[in-house]
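Remarks on the structure that follows.
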Amino acid sequence: MKRILLLALATAVILGLLVYAINSLLPQEDLIPDEGTNYCAQVQRNDSLSLSDVLGGMEDQPKDQSGVYVLEDGAGSMVQRAWFSEYAEESINIQYFIFSTDNVGLIACDYLVRAANRGVEVNILIDDIMVNANIQDVLTLNSHENIHIKIYNPGMNLGKSLFGKLKKISTDFRNANQRMHNKTFIVDNRVVITGGRNIADEYFDYDHEYNFRDRDVLLLGEVVPEVTRSFFEFWNDSLSVPVTEVSNVTPKNVSDPKRFVRLHEYACNPANFWPEARQRIVDFPSTFQEIRANNELVWVDEVTFVADIPGKNDGTQGLGGGGKTTSALVDLIQNASQSIDIQSPYLITTEESRQLFREAVERGVTVRILTNSLASTDNLEAFSSYQSDRKVLLETGVQIFEFRPDAEERTKIMTGELQKTLEQPPIFGLHAKTMVVDGETVVIGTFNLDPRSANLNTECITIIPSPRVASSVLIGMEIEFQPENSWQVTQTSNPDGSVRRSKRLNTWTRKILPKSIL
């Protein structure tokens, strides 16, 4: 009976995680243009530019400082990834939990293939649980001589039948639930983008129905080699397996010189990639120079990148055990003296985490947390657990705010091109994972305030000790605490009733799942 219950729980967890799963690494037949269309002839790379030109003058900065530029809007974050991919000179190292093949994902794949065509070495590391791809398509992308794909902790998804997945989670439950949630994008060991965003439409304001309010940070200088070191620690670990070894499927069409033509045409098609967005990429060098001229790129001492080790911990504490990121965040909370402002899309507390906040409040620290409402969340499993403990968390003295799906701020940060095409703006949900301590130190990363991030998923965070950067981030957070963007929750009032009854019922049914794996 215990095994049957375990299988039922495991199946529910898998299905919940695969809400985000991808279908293919190459465009399906109904997504490609008619044969003979040559949109790519209209899209040309400026060969007179180089990444070194745009980053010129950085060598004048003190060697112990890191350049920090916070990426608030999705479109701007996409533009920077695209431009740095287009002008990479040596390497692109990518580590993501989700790499979708929707519109943004296909365009990203095209940029990577074109970089590889120029001789750039491209390494892609993706967690297995979020890949629901045709193995042939993954192998096709991997077949490029300069593209190398590894799958983190395989055995749960790619190349496995449903029976194989259930067998894995029933016989090796802890290992099956250990996922790589890190998100890093590294170019030439000189430029890093890291933070909350995965590669999919909804993280870059491209989805027509539901988008995320998220946050990344661009890093230059002293901290970059540490991010690269962490990437290769994962890349070289035994948990990261070359995709060719994940399945015994025989690759097809991997020697066809035209195997990426349809991908190129899809990405160049203005119906798929708006000319306005492409123009922003073309204009990025001048935009970046304006950012530097206006001192928006802030140079900071002692920026720290903290990443968990592959596997998170030694496993001796079962589904517990913590990790490097967990310890770093606990230390920051314990040393706060005035204020802690947090954005976390999934908020599942334990007695230990509530005690941390209780002690902070008793020291006179004001603690505010913005999370998703039932109306804005994309994860009913996580919300169900938060909902059960919401009143207990409020008793610690923490102030809780829940993001509105119709937040007024969404029309200001959402890409203008999408707004022009839709009569009704998409729903917005919170996905940013940010903490500001005492108005002086900012944490931007992948860590959700839940037991999964604390004990099972590997995570990464960037700790930025800069009142100037903190002030900038707090401006946006303060706006989102306002009534037009979020509801404040009390012991007697919450916005759960604003959603349809069926969603409330679905949320209630999730309460069977154990908190430790949510």
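The values are calculated or read from the model by the stated rules, or taken from the named source; none is laboratory data. Please read all numbers here as calculations on a predicted model, not as lab measurements. When we count neighbours, we look across all protein chains shown, and the Cβ atoms used for this are built from the backbone with ideal geometry, even at glycine. Quick note on the areas: whole protein, heavy atoms, side chains included, nothing else; ligands and nucleic acids left out. Shrake-Rupley method; radii C 1.70, N 1.55, O 1.52, S 1.80 Å.
Couple of notes before you dig in:
- Normalised by the number of residues in the chain, the average gap of Cα pairs under 8 Å and 6 or more apart makes the relative contact order 19 percent.
- Rounded if a/c under 1.5, otherwise prolate or oblate - the range 238-278, Cα gyration tensor axes: oblate
- Summing Cβ point charges (Lys, Arg +1; Asp, Glu -1) relative to the Cα centre of the range 213-254 gives a dipole of roughly 240 debye.
- In terms of overall dimensions, the C-alpha atoms belonging to the range 94-170 reach 45, 24, 21 Å along their principal axes, ordered largest to smallest.
- Cα pair count fraction exceeding 37 Å, expressed as % - the chain: 26 percent
- Surface exposure of the chain, expressed per residue as accessible area with a 1.4 Å probe, stands at 40 Å².
- Rounded to the nearest angstrom and listed largest first, the equivalent-ellipsoid semi-axes of the range 285-439 from its Cα gyration tensor are 30, 24, 18.
- Counting only residues at least eight positions apart within a chain, or on another chain, the aspartates and glutamates with an alpha carbon under 12 Å from that of LYS150 are ASP127, ASP128, ASP237, GLU245.
- For the range 247-327: rounded, prolate or oblate by the Cα gyration tensor [a/c cutoff 1.5]: oblate
- Accessible-area order (highest first, 1.4 angstrom probe) of the listed residues LYS183, LYS391: LYS391, LYS183
- Kirkwood Rh and Cα Rg combined as Rg/Rh, the range 91-132: 0.99
- Relative contact order for the range 54-200: 29 percent, from Cα pairs under 8 Å spaced at least 6 residues apart, divided by residue count.
- The heavy atoms of THR140 present about 10 square angstrom of accessible area, all protein chains included, probe 1.4 Å.
- Overall form of the range 432-518 per C-alpha gyration tensor (a/c, 1.5; a/b vs b/c): oblate
- Accessible surface, 1.4 Å probe, highest first, among residues HIS208, HIS181, HIS264: HIS208, HIS264, HIS181
- By a 1.4 Å probe calculation restricted to protein chains, GLU245 has an accessible surface near 130 Å², given to the nearest 10.
- The range 219-281 and the range 62-137: distance between their alpha carbon centers, rounded to Å: 6 Å
- Solvent-accessible area of the chain (1.4 angstrom probe, protein heavy atoms only): carbon and sulfur portion equals 49 percent.
- 10 Å binning of all Cα-Cα separations within the range 165-217, expressed as whole percents from 0 upward: 21, 29, 27, 22, 1
- Length gained on full extension, ASN295 to ASN506: 71.1 nm, using 0.36 nm per residue less the C-alpha separation.
- Mean residue ellipticity (222 nm) of the chain, computed from DSSP H runs ≥ 4 via -39,500 (n - 2.57), nearest 500: -10000 deg cm²/dmol
- Accessible-area rank, largest first, for LEU505, LEU380: LEU505, LEU380, with all protein chains present and a 1.4 angstrom probe.
- For CYS268, the solvent-accessible surface with a 1.4 Å probe is about 10 Å², rounded to the nearest 10.
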